[in-house]
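*Asks:* Can you read through this structure? Questions will come right after.
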Amino acid sequence: MTTEAVDIKMTSIALSDVAASKVAALLAQEGRDDLCLRVAVQPGGCSGLKYQLYFDDRNQDGDIVREFGTVKVVIDKMSDPYLMGATIDFVDTIEKQGFTIDNPNAQGSCACGDSFN
């Protein structure tokens, strides 16, 4: 079921310039201009909740859409409260490469860092 997404000027999440550039580069590799970055919070992991980031071409009822340049970030209405004030960044160092999420709502995380509560 596809419905129109809700566009909100003030949203819960931010995407750093570095992360936006990386997402744009990955989308260019996919060769599709209909994809957005979906960010979701799902039950799971050692601490109870885990993040999911993936490309999606669907709009669901109540989706919150935020644009960062050419990149659209979509959050479902159930995940939005967990992501209030969160910032997605991309790091590329010798020790680590990938997207990181700085979430002020996370009270704690597991030792592996894959989940939060």
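*Asks:* Filter the range 18-63 for residues that are acidic (Asp, Glu) and part of a loop (DSSP other than H, G, I, E, B); which is surrounded by the most Cβ atoms within 10 Å (Cβ to Cβ)?
*Replies:* My answer is Asp63.
*Asks:* May I ask you to list pairs of residues, at least six apart or on different chains, whose Cβ atoms are under 9 Å apart, with the first in the range 22-43 being within 23 Å of Asp92 (Cβ to Cβ) and the second being surrounded by 13 or more Cβ atoms within 10 Å (Cβ to Cβ) and of a type in the set (Asp, Glu)?
*Replies:* That search, which allows pairs on different chains as well, returns Leu35/Asp56; Cys36/Asp56; Leu37/Asp56; Arg38/Asp56; Arg38/Asp63; Arg38/Asp76; Val39/Asp76.
*Asks:* Those residues that are more than 16 Å from Asn103 (Cβ to Cβ) and open to solvent by 30 Å² or more (accessible area, probe 1.4 Å), I need them from the range 64-75; list them, please.
*Replies:* Glu67, Phe68, Gly69, Thr70, Lys72
Listed here are the residues, each with its yes/no results for (1) touching a helix residue (DSSP H, G or I) at 6+ places or on another chain (Cβ under 7 Å); (2) modelled with pLDDT under 90; (3) at positive phi.
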residue	(1), (2), (3)
Met10	no, yes, no
Ala28	no, no, no
Pro43	no, yes, no
Gly48	no, yes, yes
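The values are calculated or read from the model by the stated rules, or taken from the named source; none is laboratory data. Fair warning: this is a prediction, and the values are worked out from it, not measured in the lab. Glycine also receives a Cβ, built like all others from the backbone with ideal geometry; neighbour counts cover every protein chain displayed. Protein only, heavy atoms only, side chains kept; ligands, DNA and RNA dropped before computing areas. Shrake-Rupley method; radii C 1.70, N 1.55, O 1.52, S 1.80 Å.
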